[in-house]
Amino acid sequence: MIIRSSNLQFFLARAEQARAEGEEATLDHVRERCRRSEAAWHALAQKAERSETFKAEEAERKAAAELVGEGAQASTADGHAR
């Protein structure tokens with residue numbers, strides 16, 4: 001499975017940046033904003049990962065269906081049912 005690491009890594013890097021900024025923040029509302037930002041970036045990373053996993057699984061399913069279809073065509077072309 002190949003995940004678009006550039007998107008995933010970008011999202012994770014922004015989450016880490018928000019976490020670090022939150023730890024350094026001295027004001028409560030800034031710290032809270034950074035926590036929300038970190039959570040949002042993590043959610044985007046999870047969504048990107050799920051999307052890429054789905055795309056990879058769908059591509060595998062389609063490839064398998066094509067192989068089955070080619071096998072069926074070959075069996076009807078030579079006049080034998082397999």
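The values are calculated or read from the model by the stated rules, or taken from the named source; none is laboratory data. What you are looking at is a predicted structure, and each value in this text was computed from that prediction instead of being measured. No Cβ is skipped: glycine too gets one built from the backbone with ideal geometry, and neighbour counts run over all protein chains shown.
A few remarks follow.
- Test: residue in segment 59-78 that is modelled with pLDDT under 95 and in contact with an Asp or Glu (Cβ under 8 Å, 6 or more places away or on another chain): no
- Identity of the residue in segment 3-15, touching an Asp or Glu at 6+ places or on another chain (Cβ under 8 Å) and part of a helix (DSSP H, G or I), that ends up nearest to GLU58 (Cα to Cα): LEU8
- Residue in segment 36-46 that is at pLDDT below 90 and surrounded by 11 or more Cβ atoms within 10 Å (Cβ to Cβ) present: no
- Reported count of residues in segment 1-43, each being within 15 Å of the chain's Cα centre (by Cα) and among the aliphatic types (A, V, I, L, M), is 6.
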